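Contents: one structure, followed by commentary.
Derivation of every value follows stated rules applied to the coordinates shown; laboratory data play no part. Model, not experiment: these values are computed from the prediction. Note that each Cβ is placed from the backbone with ideal geometry, even for glycine, and that neighbours are counted across all protein chains shown.
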Amino acid sequence: MKQLFSLTAALLLAVCSVFAAKVDTVNVYSAAMKKNIPTVIITPEKYANTPLPVVYLLHGYSGNYADWVKKVPAVQELADRFGMIIVCPDGGFGSWYWNSPVDAGFQYETYVAEELVKFVDGNTRPLPVRRAVRSRD
């Protein structure tokens with residue numbers, strides 16, 4: 001009986017520690033669209049404000065900011081394994097992450113490429129781009 005309890009406890013601890021990465025949902029204000037945009041930011045378990053590479057994962061058509069965490073839960077483990085910050089922004093329904101020339105509420109290219117990057121740079125410790133990109137030499 002003690003062996004069964006020990007095995008069960010060990011399995012429970014293993015399952016609970018698989019996804020130790022921290023998953024936060026934040027609202028990031030877009031001045032271009034004049035609204036808050038929900039975004040998931042995943043930081044590795046051992047993130048102690050040490051500069052880390054940042055990966056931006058964009059959802060597909062008709063998806064949303066929570067798709068990567070819900071549909072691919074292993075994304076949390078990848079943040080831990082590779083020591084990186086993962087950012088999953090909302091791209092609006094059907095925006096294709098472009099700026100609309102006719103709808104001021106669809107300026108997702110500006111949001112993702114400029115406003116969100118500025119927010120992430122100011123609220124996390126991203127690795128400077130020159131250090132993050134590996135040389136092919």
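Odds and ends about this structure:
- Summed residue charge, Cβ within 15 Å of T25's Cβ, Lys/Arg positive, Asp/Glu negative: -1
- Rounded FRET efficiency, nearest 0.05, which uses the C-beta distance separating L127 from V102 and R0 of 35 Å: 0.40
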